[in-house]
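Just below is one structure, and these are the notes that go with it.
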Amino acid sequence: MKVVIIGGGIGGLTTAIALSQRLPEGSQIDIYERVPDLTPIGAAISVWGNGVKVLKALGLGAQIEGYAGDMQSMAYTSSTGVPLCDFPLSPLYERVSQRACPIARTNLQKLLLDGALGARGVKLYLNKRAMNMAQNGDKVSVTFEDGEVVEGADLVVVADGTHSKLRDVVAGRAVARNYVGYVNFNGAVPITPALGDPRKWTQFVGDGKRVSMMPMGDGKFYFFFDVVLPPKTASHPDRYREELATHFAGWPQPVQELIAALNPATVARVDINDIEELETFVSGRAVLLGDSAHGTAPDLGQGGCQAMEDAWVLARCLGDHADNVAAALKQYDTERVARTVHLVSRARKRAEMIHGKDMDATRAWYAELAVETGENIMDGMAKTILGAPAELDGIIAKQTTAAA
């Protein structure tokens, strides 16, 4: 079987690894990535239990556990410095049988890239921007910006992210990207006592804005600042520190320490968008995966995890229907549309609540945080995490038994 994967990010690399373990001997898995160098966008990513379980099932558990930050508790503080809630995450981890693994994107990219390049039948091609594709019966051809046409693919996996060039081709129409209403400034800083507890995820909230510091491994905090701004507001990287100091004037001292500590040259500024919900991710022998299928606001922390789940389910479906690609893709579509489209709408609603689209609702959330024990927050997280493919726990248990 010849598979072409468009995109060498989290979804594309995880898919290559998963397919290499499921497809028949002699299968060809080619990844085409548009950039000349695989440099990840953003400082870090929170990989929750469902994503970690996929990586463990693929044999990458030791790597992600080794790289990840040790996040053991969570706290909210108001913009005026009033503690709202503070609780351990151990009940969540026990309930879902897996701790969270916040990790530098460079480290996640490394472990996935090493895993893909060491996998059977996988090759990676850089500086290859896919522009179009065409289907003829059960074969697919892909046209690249440099004029090359790759023909004879039995399956094309479109995993080229939220700005996907091929999503509209698969969907058969223009798919809208929607500005969620805020801009996210993110990066990494060394952990210091002035910033906070090195094992705690701390968030400051107020006026529809948010500041977050999460341990990401390597002795660093992954930070972000959320600011509500009009769409397409001009970005001025040389003024990020001054801009953040203005937006967060008067906020607690750790926020001021963070602004002073960050390096503006390494801060990423992202307009947060999601895509409209799709009814199907499949067209013939082409399939959407990850952000190209269900690009979402990051307010549930599930973007990367859902791409990993997609990869696992696609590979499992193709393994279950080795002689019937159409049946495999139908099964994938049924499972993944129901799971991910719901999360896109949930993340959008949460983004609106956090960022003051209705300030009365946002203030009500602040009031809830002030009496929160952690139970309600962790219950919501657990329900999302436990929606992962049910077979993962059994596979990991067998791995553990075999290793023992």
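Quick note: the coordinates plus some simple rules give every number you see, no bench work behind them. On a predicted model such as this, the values are computed, not experimentally measured, just so you know. For neighbour counting, all protein chains shown are included, and Cβ atoms are generated from backbone atoms with ideal geometry for every residue, glycine included.
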How big is the antiparallel share of DSSP beta bridges in the range 1-110, given as a percent to the nearest 5?
65
Where does each of Glu243, Glu257 land when they are ranked from fewest to most other beta-carbon atoms within 10 angstrom?
Glu257, Glu243
In order over the range 170-179: 3J(HN,Hα) from phi, Karplus 6.51/-1.76/1.60, θ = phi - 60°, whole Hz, x for each Gly or Pro, gives 5, 6, x, 6, 6, 9, 6, 9, 10, 5
Counting only residues 5 or more apart in sequence or on a different chain, those whose built amide H sits under 5 Å from that of Ala188 are Phe223
So, counting K/R as plus one and D/E as minus one, what does the shell of residues with Cβ under 13 Å around Met216 add up to?
+2
If you average over every viewing direction, what projected area does the convex hull of the Cα atoms of the range 61-182 give, in nm²?
12.8
Anyone know which of Ala364, Ala116, Ala75 comes out most mobile in the 10 Å Cα GNM of the chain?
Ala364
When DSSP assigns beta bridges and you keep just the ones with both residues in the chain, what percent turn out antiparallel, to the nearest 5?
70
In Å, the Kirkwood hydrodynamic radius from C-alpha pairs for the chain sits at 21.9
What lysines sit close enough to Lys209 to cross-link, taking a C-alpha to C-alpha distance under 16 Å and skipping anything fewer than 8 places away on the same chain?
Lys349, Lys357
